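Heads up: the structure comes next, in structure tokens.
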Amino acid sequence: MALENQIVAMRKSRQIAVFIAVTLVVITVWVCFSRSREPEFQGRSLSAWLKQLDDGDTDRGIEWSVWRPRQSSSQAQAAQAIREIGTNSLPFLIKRMTRHESPLKTKALDFLRKKQSWIKIPLSTNHYPRQAALAFDVLGPLAKPAVPALSSILTNSQFSKEATIALAAIGPEGWTVLYDKLADTNASANSWVKSCIIWGMAGHHVTQPGTTELIMIEVTNRNHSSGGIAGWALGELGTNQDQVIPVLIKGLQSPDLATRWGACNGLGKFGTNAIIAVPALLQSLQDSNISVKNHAREALKLIDPEAARKAGVE
């Protein structure tokens, strides 16, 4: 019986070894074939340059902060290479933005991780959309021909952030798409899509006429769920302060937690120009939510340090 078990174990080991070998060959052939159709620069494929450009910061752009990708000297080299490839990269980048890891590749890598330990298999992550967004950001106005495709991708909430980055980087042609999507209540019904658009317009300081007015609506409309990012965005844009500051003060009384937080954040960005908001911010120090309280403190210190000191704000 022991001999039979050994024979069975040996057969299974051979089967696993054969499977691993075949899988690696298939993956290698697939990668080589797909890359052979890519544009190149200095003998390297676009994929290779995209990998070099990627800073690996997958959270950047999800946080409500201005889009500023890190760029080392190596990444700057990759950025220049992608600009040299230019519009030839656009068809590939559009596909990459909505690309998922191959199910076959994912399953094969998972299998290899479970069945052997002598080869380190990395965890599979879908970095393709991010790399495409970084490349579009580098190309900027050169990517104008991709605007129609990016407009379509924008309404797919799974890739809205990446499409927003690309459209905002392109310039006025891309800004118009973002503005129109935000103004169209049917097209921007998805709250995540709308939040991405607002973030992208503010983060890139889009100057499209009417942008501020559209974002102001999000702070006061209780039927919408983008009040938090809208408050931040209005402060980041810093325009139309005579109209914006009263709207943000009203936002401090919103039943929506995110809107109250965003209003504090936005008011703080106006600094001393938002002095009329001090009484409302003092009331926000008594907010039931600790995050709102903290943001009200920070806003007070930026707007009126003396009022903050008297209120016991350190």
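The selection criterion, being outside the structural domain of Ile303 (by the TED database) and either touching a Ser or Thr at 6+ places or on another chain (Cβ under 6 Å) or surrounded by fewer than 20 Cβ atoms within 10 Å (Cβ to Cβ) (or both), does not hold for Thr239.
If I ask for residues that are assigned to a helix (DSSP H, G or I) and either of a type outside the set (D, E, K, R) or modelled with pLDDT of 95 or more (or both), which ones from segment 96-113 would you list? If you could, list the steps in order and put the result at the bottom.
So the first thing to find is which residues in segment 96-113 are assigned to a helix (DSSP H, G or I), and the list is 96-97, 103-113.
Result: Met97, Pro103, Leu104, Thr106, Ala108, Leu109, Phe111, Leu112.
With surrounded by fewer than 22 Cβ atoms within 10 Å (Cβ to Cβ), at pLDDT 95 or above, out of contact with any helix residue (DSSP H, G or I) (no Cβ under 8 Å at 6 or more places or on another chain) and at negative phi as the only criterion, which of Pro209, Pro255, Pro279 stands out? Testing whether each residue is surrounded by fewer than 22 Cβ atoms within 10 Å (Cβ to Cβ), at pLDDT 95 or above, out of contact with any helix residue (DSSP H, G or I) (no Cβ under 8 Å at 6 or more places or on another chain) and at negative phi leaves just Pro279. If you go through segment 225-262 and keep only what is of a type in the set (A, V, I, L, M) and within 22 Å of the chain's Cα centre (by Cα), you end up with Ile229, Ala230, Ala233, Leu234, Leu237, Ala258.
Just one of the listed residues (Leu281, Leu267, Leu237) is farther than 21 Å from His204 by Cα and not hydroxyl-bearing (Ser, Thr, Tyr), namely Leu281. Taking the criterion of being among the small types (Gly, Ala, Ser), more than 28 Å from the chain's Cα centre (by Cα) and within 23 Å of Gly228 (Cα to Cα), the only residue of segment 285-307 that qualifies is Ser288.
Considering only residues of segment 57-95 that are under 30 Å from Asn265 (Cα atoms) and in contact with a Leu (Cβ under 9 Å, 6 or more places away or on another chain), which is modelled with the highest pLDDT?
Gln71
Residues of segment 226-260 that are of a type in the set (Ser, Thr, Tyr) and closer than 19 Å to Asp287 by Cβ: Ser254, Thr259.
The values are calculated or read from the model by the stated rules, or taken from the named source; none is laboratory data. Quick caveat, the model's predicted, so the values are computed rather than measured. Reconstructed Cβ throughout: ideal geometry from the backbone, glycine too, with neighbour counts over all protein chains shown.
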